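Written out below as structure tokens is the structure these notes cover.
The values are calculated or read from the model by the stated rules, or taken from the named source; none is laboratory data. Fair warning: this is a prediction, and the values are worked out from it, not measured in the lab. Neighbour counts run over all protein chains shown; Cβ positions are idealised from the backbone, glycine included.
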Amino acid sequence: MRIGTRVTRTGLPPAMQGAPFLPGPTFASTYHAAGDPASAPLTYGRFHNPTWTAYEQALSELEGGPAVLFASGMAAVAAIFGVVLRPGDVVVLPADSYYTTRVLAEGYFTQMGVQVRLAPTVGNAQQQALTGAKLLWLESPSNPGLEVCDIAALAAAAHAVGALVAVDNTTPTVLGQQPLTLGADFSMASDTKALTGHSDLILGHVATREQEWADRLRAWRTQLGAVPGPMEVWLAHRSLATVDVRLERQCHNALALATWLASRSDVQEVRYPGLPHDPAYTIARRQMQRFGPVVSFVLADRQHAEAFLAACQLVYEATSFGGIHTTAERRARWGGDAIPEGFIRLSAGCEDTEDLLADLAQALDTTL
């Protein structure tokens, strides 16, 4: 069964006469649980919820390994760090990965005695920092620079020295790239982004190659209370059914916009893994099924970038990415990334391609 069909069915219960396709969310903090708690399938809302179970099953089917839900993408990141790393351990991170992941590692976990090593994503540079590492963290394509590394090669190198491998797969989603198949031990994503795609949820998950790690992650979630709300999870499961058609339009738009932007003399350093001339294209084509909705490019300076964003009529100026509405932001306004002041991260939505091209054209012409 092809992926476009699978996402419309994954995690749904067997068809029953008179039953809904996707049962509604279960709102419960407590359940009837007399006597021995082990005899009750459900006991307390921090431990389990049928709505979580259905969505986790859907994700497990897509990821190729057991999945555990969390209240946010960062809660999922923290859970992997928390179950794997101990004082004295070494974690190797991309120097250009998502900023908050680096903040967490270099802040709390460094204070707890974990050593953090940073190396760029480009050129598989993290491989040179693996000696003695406990965990290799990859993010490919990186956020926001869209650099790509060879996940399979790095996973093999990490395993050869006894390190585990986690991949932040938020940008492409599991439909665009399958880290567990490529050799990673953990596939993590912020479901807030393209996987659910409607800019209305905060959610995250981790899928693993081994049930033992899933059990540890679930225990971490229970003990720290990093649990998602049932309504958010139900909406995520509902949204998952359209991820294939959403990504098809978004990736089509992203490639069209990147190609057009690259033709403009007033636009610098256009990056999109799906561009044949992009430095990441060769590796991306080998390990990705879709190149994702995110495009990055650089305008002359902060003034030009801000004028461009102000002139856009269809493109919302907002952070985050992966939604059905095209968004863009001058990413340097947040700090923390080694990028130019005129750096724009654009997330292609599901609008008509020609309308988006026309909007970007008038906005760029306005800034000349």
Could you list, in sequence order, the residues of the range 258-303 that are under 19 Å from A338 (Cα atoms), over 24 Å from the mean Cα position of the chain (by Cα) and not charged (D, E, K, R)? V267, Q268, L299, A300, Q303
Condition broken by T121, with the remaining ones in (1) buried (at least 18 other Cβ atoms within 10 Å of the Cβ); (2) of a type outside the set (A, V, I, L, M, F, W, C); (3) under 28 Å from T8 (Cα atoms); (4) within 22 Å of the chain's Cα centre (by Cα) satisfied: (3)
Could you list, ordered by first residue, the pairs with Cβ atoms under 7 Å in which the first is in the range 350-362 and part of a helix (DSSP H, G or I) and the second is among the aromatic types (F, W, Y), at least 6 apart or interchain? L357/W260
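Does L217 count as at pLDDT 95 or above and in the same structural domain as A71 (by TED's automatic domain parsing)? Outline the logic, then answer.
Working: at pLDDT 95 or above: yes; in the same structural domain as A71 (by TED's automatic domain parsing): yes.
Answer is yes for this residue.
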Residue count, the range 210-243 (criterion: farther than 22 Å from A184 by Cβ and over 21 Å from the mean Cα position of the chain (by Cα)): 4
Residue count, the range 1-53 (criterion: in contact with a strand residue (DSSP E or B) (Cβ under 9 Å, 6 or more places away or on another chain) and surrounded by fewer than 10 Cβ atoms within 10 Å (Cβ to Cβ)): 2
Of the residues in the range 344-368 that are over 25 Å from T173 (Cβ atoms) and of a type outside the set (D, E, K, R), the one that is modelled with the lowest pLDDT is L368
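Which helices (runs of 4 or more DSSP H) sit wholly inside the range 1-117 and have at least 1 residues that are acidic (D, E) and modelled with pLDDT of 95 or more?
Working: elements: 3-9, 50-63, 73-84, 99-104.
Because the criterion is at least 1 residues that are acidic (D, E) and modelled with pLDDT of 95 or more, the helices (runs of 4 or more DSSP H) in the range 1-117 that meet it are 50-63.
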